[in-house]
Amino acid sequence: MRILYLQHVDWNWIPQRPHFLAAELSRLGHDLHVFHLRAWRRSGLVDQDSGIELPVAPTGVRCLPRWSRPVVRQGDAALVRRLGRTARALRPDVVWVTHPRLEPLVRELTGVPVVYDCMDLAPDMAGADHRYVRDLEARLAARANTRIASSPRIADELSRRYPAAAGSYLVRNACRADFAWPALAASDARPDAPDGPVRLLFFGTIGPWLDMELLAALATAPGVRLKIIGPVRTALPPEVGPCVSGAMPQLELLEMASTWSDVLLLPFRSDDFAESVDPVKLYEYVGLDRPILAPPLRVLQPAGPFLSYYRSVPQALAAVRAGVDATPGDRSARQAFVADNTWSARAREVDALLAKGFDR
């Protein structure tokens, strides 16, 4: 099947759901042609040796920030004009879309089935552009033949916001097999309890969805060394800043996490927005064979047997100190969990949906 794959995440950004699904669908034999929006702000991009390759190189499109301003609307119109002819010439069997921002281009492709892979509550993340993105998503949801949600909360929200549109299928996030398996396979992967500070690690984008009060407390806690790896997208408490390193290639991150960390942290705020995000790092953490500390969010329940929950900052501090001596769960159970939750497994779920065809 020839798939015109429109993704809003820069191909050179830290690999995310769109990158992995594109690569795995290509491995299943689909003819993928990826168009991605090149990030206006290039900080946080890394030179990837990620092993994510496609037979046809992705096409990057430069666009402007601040979507709702008139000049940017004109830029979007120019983008559509530039890409519309190219996209139609490909004669795709289906158009895959990862964000409402790409809806104007979808309008140019009449008569082609559309899959909307919703990985975020995009209007809720758009700030001042909320109304603009909401209107784009309403049109995209109405046009889509198939809607895919990455979390139960997103599936529920799509049904609530657009009840007349097609139903949503749940296809969760996952981990890459080569990220998780080396740590699980290594007999000496789990370090002995340290004589010095407990080494606490979080990696991922650092945004307002993180519990900054918790991170500030951990950054200054006696007997704890906090390390945070990833691009910064929000203001940080002064205590947290010195703990933050920039983004690094994923396979380098694997090596560092496998050898440096004693406890892994999911420091999310307990709110509706956090419930909408099925974090990729949840699956990666399980594969790293370490104790994992997390708030009691429903979206994290698939990995429940491998998590230690905290409900307050004092509970988290106590759990960090206890976590070094806690078993992170049976290794064979972790191996089974990882095997069931790789991106190749998710691509097979998507492939089955595509094979059903499209009714409208």
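The values are calculated or read from the model by the stated rules, or taken from the named source; none is laboratory data. Bear in mind the structure is a predicted one, so any value in this text is a computation, not a measurement. Here the Cβ is made from the backbone with ideal geometry for all residues, glycine too, and neighbour counts use every protein chain on show.
Return a yes/no flag: does region 286-298 have any residue that is surrounded by fewer than 16 Cβ atoms within 10 Å (Cβ to Cβ) and within 25 Å of Pro314 (Cα to Cα). Don't jump to the end; show me each part of the working.
Let us first name the residues in region 286-298 that are surrounded by fewer than 16 Cβ atoms within 10 Å (Cβ to Cβ), namely 296, 298.
Checking the rest, the ones that are also within 25 Å of Pro314 (Cα to Cα) come to 296, 298.
Scanning region 286-298, I find at least one residue that is surrounded by fewer than 16 Cβ atoms within 10 Å (Cβ to Cβ) and within 25 Å of Pro314 (Cα to Cα), so the answer is yes.
Restricting attention to region 18-59, the residues that are of a type in the set (Lys, Arg) and either closer than 25 Å to Arg88 by Cα or modelled with pLDDT of 95 or more (or both) add up to 2.
Filtered by the rule that a residue be touching a Leu at 6+ places or on another chain (Cβ under 8 Å) and either under 14 Å from Phe202 (Cα atoms) or buried (at least 20 other Cβ atoms within 10 Å of the Cβ) (or both), region 304-320 gives Leu307, Tyr310, Ala316, Val320.
Have a look at Ala319, Ala345 and point out the one that is under 17 Å from the mean Cα position of the chain (by Cα) and either over 20 Å from Trp209 (Cβ atoms) or assigned to a loop (DSSP other than H, G, I, E, B) (or both). Full working, then the answer.
Details: Ala319 fails: under 17 Å from the mean Cα position of the chain (by Cα).
Ala345 is the lone residue from the list that is under 17 Å from the mean Cα position of the chain (by Cα) and either over 20 Å from Trp209 (Cβ atoms) or assigned to a loop (DSSP other than H, G, I, E, B) (or both).
Which residue is nearest to Ala257 (Cα to Cα), if the candidates are limited to region 205-232 and must be touching a Ser or Thr at 6+ places or on another chain (Cβ under 6 Å) and surrounded by fewer than 17 Cβ atoms within 10 Å (Cβ to Cβ)? Here the residue is Gly207.
Give the residues of region 268-295 that are part of a loop (DSSP other than H, G, I, E, B) and closer than 22 Å to Ile206 by Cβ, sorted by residue number.
To start, the set of residues in region 268-295 that are part of a loop (DSSP other than H, G, I, E, B) comprises 269-271, 277-279, 288-291, 295.
Answer for region 268-295, where residues must be part of a loop (DSSP other than H, G, I, E, B) and closer than 22 Å to Ile206 by Cβ: Arg269, Ser270, Asp271, Val277, Asp278, Pro279, Leu288, Arg290, Pro291, Pro295.
Those helices (runs of 4 or more DSSP H) of region 148-265 in which at least 3 residues are modelled with pLDDT of 90 or more, considering only elements entirely within it, cover 152-161, 212-219.
Considering only region 248-265, I want to know if a residue exists there that is within 25 Å of Leu297 (Cα to Cα), in contact with a Gly (Cβ under 8 Å, 6 or more places away or on another chain) and surrounded by fewer than 20 Cβ atoms within 10 Å (Cβ to Cβ). No, every residue in region 248-265 fails to be within 25 Å of Leu297 (Cα to Cα), in contact with a Gly (Cβ under 8 Å, 6 or more places away or on another chain) and surrounded by fewer than 20 Cβ atoms within 10 Å (Cβ to Cβ).
The residues of region 142-177 that are touching a Phe, Trp or Tyr at 6+ places or on another chain (Cβ under 6 Å) and over 16 Å from Ser276 (Cβ atoms), listed by number, are Ala144, Asn145, Ala174, Cys175, Arg176. Looking across region 207-238, the residues that are without any contact (Cβ under 8 Å) to a residue 24 or more places away in the chain and farther than 19 Å from Gly196 by Cα come down to Ala235, Pro238. For region 104-142, the tally of residues that are under 14 Å from Leu4 (Cβ atoms) and over 19 Å from the mean Cα position of the chain (by Cα) stands at 10.
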